[in-house]
Amino acid sequence: MSALQAPRAIKLKLTSSLLGAALLALSAGTALAQAPATPAPGTQKPAAPAPATPPPAAPAAQAPPAAQTPPKPFPEGAKIAYVNVQAIASNSVEGKAATSKLDDLRKKKTAEIADKNKALAAAQTKLQQGGSVLNDAARGALEKDIEKMNREIQFAQQDANTELQELQNQLQADFQEKLNPVLEQVASEKGLHMLIDIANSGAVWANSGLDLTAEVIRRFDAATKTAPVKK
């Protein structure tokens, strides 16, 4: 196995704390299928008196900052080293940018479905409160509208999850494609036979001097700044 082949064996795995975290179920729509009943006037219980506010506690004395331990040097002649791909995705410029893109899409889809839920809740309220006022034709039309809104919300949830999953897959592929040359460069310069992802290696202990995560992030960010802009 050559020094340049080993880094390609690293499998990018962005867990729920990163890109995967932005994949929400977006299932709030079905929770509004039954609007909460409005209590009748005069039936509300008086609010309980607020508990007495305790006096503010005295500020705790701040402990002096712990001295930072300098990183261990890379062991001379070592042929195996490791990185934490999770940390690279969390702290690198590329990883943060990918997370931001996915989070923006998640927020957009969540807001769109929230608007649909508000319209559904308003229609349900109108149906409940207009019981004896609406004629049969108007009531039937409103009930059909509510059924249609429920279906649209379900479809919107499915489409949103699909779009989020597709974007996540694309961002992960792009991230891996940009990261691999950096891993190969570092592994080649160190003369390594293997570079592993420590989070998925099953290792229970490793010499911290073998950790090349910080160096990879530094070089990855430098490569990102100097990369040509795609037209």
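Bear in mind these aren't lab numbers, they're just calculated from the coordinates by the rules spelled out. Given the structure is predicted, the values throughout are model-derived calculations rather than measurements. Heads up, the Cβs are rebuilt from the backbone with ideal geometry, glycines too, and the neighbour counts pull from every protein chain shown.
Summary of values
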{"quantity": "Ranked list, fewest to most other Cβ atoms within 10 Å of each Cβ, for THR69, THR224", "calculated": "THR69, THR224"}
{"quantity": "Measure of compaction for the range 73-150 (Cα Rg per 2.2 N^0.38 Å)", "calculated": "2.32"}
{"quantity": "The range 59-192 - Rg (one decimal) and Dmax (whole number), Cα, Å", "calculated": "27.2, 87"}
{"quantity": "Amide H within-cut-off set for ILE196, under 5 Å, with H built and near neighbours excluded", "calculated": "ALA81, TYR82, VAL83"}
{"quantity": "Unit Cα scatterers, Debye sum, the range 143-231: log10 I(q)/I(0) for q = 0.11, 0.20, 0.23, 0.25 Å⁻¹", "calculated": "-0.55, -1.05, -1.19, -1.26"}
